[in-house]
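Heads up, the thing below is written out as structure tokens.
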Amino acid sequence: NVYNWLSHTVMPDHYVPFDVVEIRFKGSRKEFFRNSQGLELYTGDTVVLESEMGYDVGQVSIAGELVRLQLKKKGIKENSESIKHIVRKATEKDYEKYLEAKSREVKELERARTIALMMKLEMKLSDIEIKGDNKKVIFFSGGESHEKFVSIFDIEFLEKAFSENFIDSNVTIY
């Protein structure tokens with residue numbers, strides 16, 4: 001975690017806060033998101049985020065001018081089109097759905113490992129992250145070459161994969 005040593009700095013009148021925020025997900029995974037709606041966000045706030053497929057939920061790690069320095073350190077331009085947007089502050093319902101997804105992760109990781117063994121896949125699943133919308137899952141794994149890679153699957157696809165009929169068919173995991 002980064003200590004925001006600028007958080008208590010008094011800013012000049014007419015100061016417009018920096019509109020990019022660093023968001024923390026499971027473990028140490030962090031990404032930058034644009035606060036285009038001008039939401040008043042503080043470290044620890046839970047937010048709903050734009051995702052490539054659906055939406056996700058994360059917590060504000062850093063907001064304000066320190067994010068500008070983090071972007072520079074990571075080599076990301078402030079006006080980069082790749083920076084996705086914050087949709088809104090999370091509601092209680094969003095947060096409950098997020099907690100429900102997190103509570104399923106250990107069980108789903110165990111099931112995924114079992115399927116990988118049954119299918120004789122040469123991969124070691126090290127972790128799983130179910131997205132905040134409960135519709136996507138990320139598998140963190142390593143293969144024989146020990147290169148780490150991340151595969152994103154649709155939950156509906158996984159439900160089919162978890163059924164006995166589907167396990168016997170030829171499945172390729174990217």
Under a Cβ-Cβ cut-off of 15 Å, what is the net charge of the residues other than Leu49 that fall near it, where Lys and Arg count +1 and Asp and Glu count -1?
+2
Which of Ile76, Ile23, Ile138 sits closest to the plus end of the dipole of the range 1-139, meaning its Cα is farthest towards the positive end, when Lys and Arg get +1 and Asp and Glu get -1 on the C-beta?
Ile138
Paramagnetic label zone (point 7 Å from Cα along Cα-to-C-beta, Thr91; backbone N under 17 Å) in the range 12-46
46
How large is the convex hull of the C-alpha atoms of the range 40-120 per residue, in Å³?
154 Å³
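Any read-out appearing in this document is the output of simple, stated calculations on the displayed coordinates, not a laboratory observation. Everything numeric in this text was worked out from a predicted model, so none of it was measured. For neighbour counting, all protein chains shown are included, and Cβ atoms are generated from backbone atoms with ideal geometry for every residue, glycine included.
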